[in-house]
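The values are calculated or read from the model by the stated rules, or taken from the named source; none is laboratory data. Keep in mind it's a predicted model, so treat the numbers as computed, not measured. In this analysis, Cβ positions are derived from the backbone assuming ideal geometry, glycine residues included, and neighbour counts consider all displayed protein chains. Calculation scope for accessible area: heavy atoms of the full protein, side chains included, ligands and nucleic acids excluded. Shrake-Rupley method; radii C 1.70, N 1.55, O 1.52, S 1.80 Å.
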Amino acid sequence: MGTREYHLYRAKFIKPSQLPLLAENQSSMCIFLKSIQDKPEYTLSSGSEWHIGNVELFDDSSGSFAVGRTTKTTVEKFDKESGDFVDELDDSGPYTVVIFDAMVGLIGIAKKSKLAPDAATIARRLRDLLSKAKTAIDTGVDVRVDVIPDPEDFLDKLRGAYSIRKFRATFTGPNPVDADEIFQKPLSVYAQSIGASSGILEVIGEALNEEVAESVAKSTAATGNTASARIVISRGNKTKNIKMKGDAVVVTVDQEATNSQVLEQMHEEYMRVKG
């Protein structure tokens, strides 16, 4: 029995501090749903075109869609009338499936080597596509598709450290609806107020609170942001820099798994990261 891999990312539709003239004030979830239903297209300089299609809703906030590209390719065929092999120019349209929860902005990109060498490349094309959606343009949002990194290795190093001397984490403008109250939520509002789409907060001390650092690290990973720290491994040792790696959390499912079952496992992994 074969398996499929879904790489977890966070789609963000970050609103500007001031909406464009005549733009309706919509929730990030609403902008997400309308943007994929716009079925945007994007053409690369190479001539290949990327598309969003096959939008299917499971309920009011979750569902699936296809993302892929079309290119002209040479197909080798046999012509029965002439009895010869011939080369014909034809359209090629590899695509993959994306499962999403628009309420959270959680997406799972099915890895497909025929479409792109890795999920990160597909994520970049998806960001470009969503940025071209009519809804995204009309509302003036900054679209991001950021990896959800697995924080466990980073957390293990924080927990095992003699002391944490510096902690640094990134944040973006308001989009995630489940950000932590201590860090991500207030700073996202600050970013919007000052007109920034993202920012970095760095704190320094002789012994930073491990529990707070761990909580912020989990929220940072879950919201598709990054974190790093400077720690002392054991008493008397020099400080060492550590950072949360950028590899996406991966959900592996059986080939026969339904899209709804994939979404359920995505939620489980997301809650594990969030803690």
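Note on segment 68-105: residues that are of a type in the set (A, V, I, L, M, F, W, C), out of contact with any Phe, Trp or Tyr (no Cβ under 9 Å at 6 or more places or on another chain) and loosely packed, with under 10 Cβ neighbours inside 10 Å total 1.
Sort through Asp142, Asp153 and tell me the only one that's touching a residue at least 12 places away in the same chain (Cβ under 8 Å) and either out of contact with any Ser or Thr (no Cβ under 8 Å at 6 or more places or on another chain) or within 24 Å of Tyr6 (Cα to Cα) (or both).
Details: Asp142 fails: either out of contact with any Ser or Thr (no Cβ under 8 Å at 6 or more places or on another chain) or within 24 Å of Tyr6 (Cα to Cα) (or both).
Matching residue, one of Asp142, Asp153: Asp153.
In segment 29-51, the residue that is farthest from Thr73 (Cα to Cα) out of those that are open to solvent by less than 20 Å² (accessible area, probe 1.4 Å) and among the small types (Gly, Ala, Ser) is Ser35. Of everything in segment 58-74 that is in contact with a strand residue (DSSP E or B) (Cβ under 9 Å, 6 or more places away or on another chain) and without any contact (Cβ under 8 Å) to a residue 24 or more places away in the chain, the residue that is nearest to Gln37 (Cα to Cα) is Thr70. The residues of segment 245-275 that are closer than 13 Å to Ile109 by Cα and of a type in the set (Val, Ile, Thr), listed by number, are Val249, Val250, Val251, Thr252, Val253, Val262.
When you check Lys240 against the structure, is it open to solvent by 50 Å² or more (accessible area, probe 1.4 Å) and in a strand (DSSP E or B), yes or no? Don't jump to the end; show me each part of the working.
Working: open to solvent by 50 Å² or more (accessible area, probe 1.4 Å): yes; in a strand (DSSP E or B): yes.
Considered against the rule, which asks whether it is open to solvent by 50 Å² or more (accessible area, probe 1.4 Å) and in a strand (DSSP E or B), Lys240 comes out as yes.
Quick one: which residue in Asn237, Asn225 is more than 22 Å from Phe100 (Cβ to Cβ) and touching a Phe, Trp or Tyr at 6+ places or on another chain (Cβ under 8 Å)? Selected residue: Asn237, the only one of Asn237, Asn225 that is more than 22 Å from Phe100 (Cβ to Cβ) and touching a Phe, Trp or Tyr at 6+ places or on another chain (Cβ under 8 Å). When restricted to residues that are open to solvent by less than 60 Å² (accessible area, probe 1.4 Å), within 23 Å of Ala217 (Cβ to Cβ) and not β-branched (Val, Ile, Thr), segment 119-149 contains 5.
Glu268 falls short on exactly one of the conditions (1) open to solvent by 50 Å² or more (accessible area, probe 1.4 Å); (2) in contact with a Ser or Thr (Cβ under 7 Å, 6 or more places away or on another chain), and that condition is (2).
Residues are listed down the side, and each one gets a yes or a no for (1) without any contact (Cβ under 8 Å) to a residue 40 or more places away in the chain; (2) in a loop (DSSP other than H, G, I, E, B); (3) out of contact with any strand residue (DSSP E or B) (no Cβ under 9 Å at 6 or more places or on another chain); (4) more than 30 Å from Thr3 (Cα to Cα):
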residue	(1), (2), (3), (4)
Lys77	yes, no, no, yes
Asp87	yes, no, no, yes
Pro117	yes, yes, yes, no
Thr121	yes, no, yes, no
Asp128	no, no, no, no
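The residues of segment 135-164 that are among the acidic types (Asp, Glu), within 17 Å of the chain's Cα centre (by Cα) and closer than 30 Å to Gln26 by Cβ, listed by number, are Asp142, Asp146.
The set of residues in segment 247-265 that are outside any loop (DSSP other than H, G, I, E, B) and either surrounded by fewer than 19 Cβ atoms within 10 Å (Cβ to Cβ) or out of contact with any helix residue (DSSP H, G or I) (no Cβ under 6 Å at 6 or more places or on another chain) (or both) comprises Ala248, Val250, Thr252, Asp254, Asn259, Ser260, Gln261, Val262, Leu263, Glu264, Gln265.
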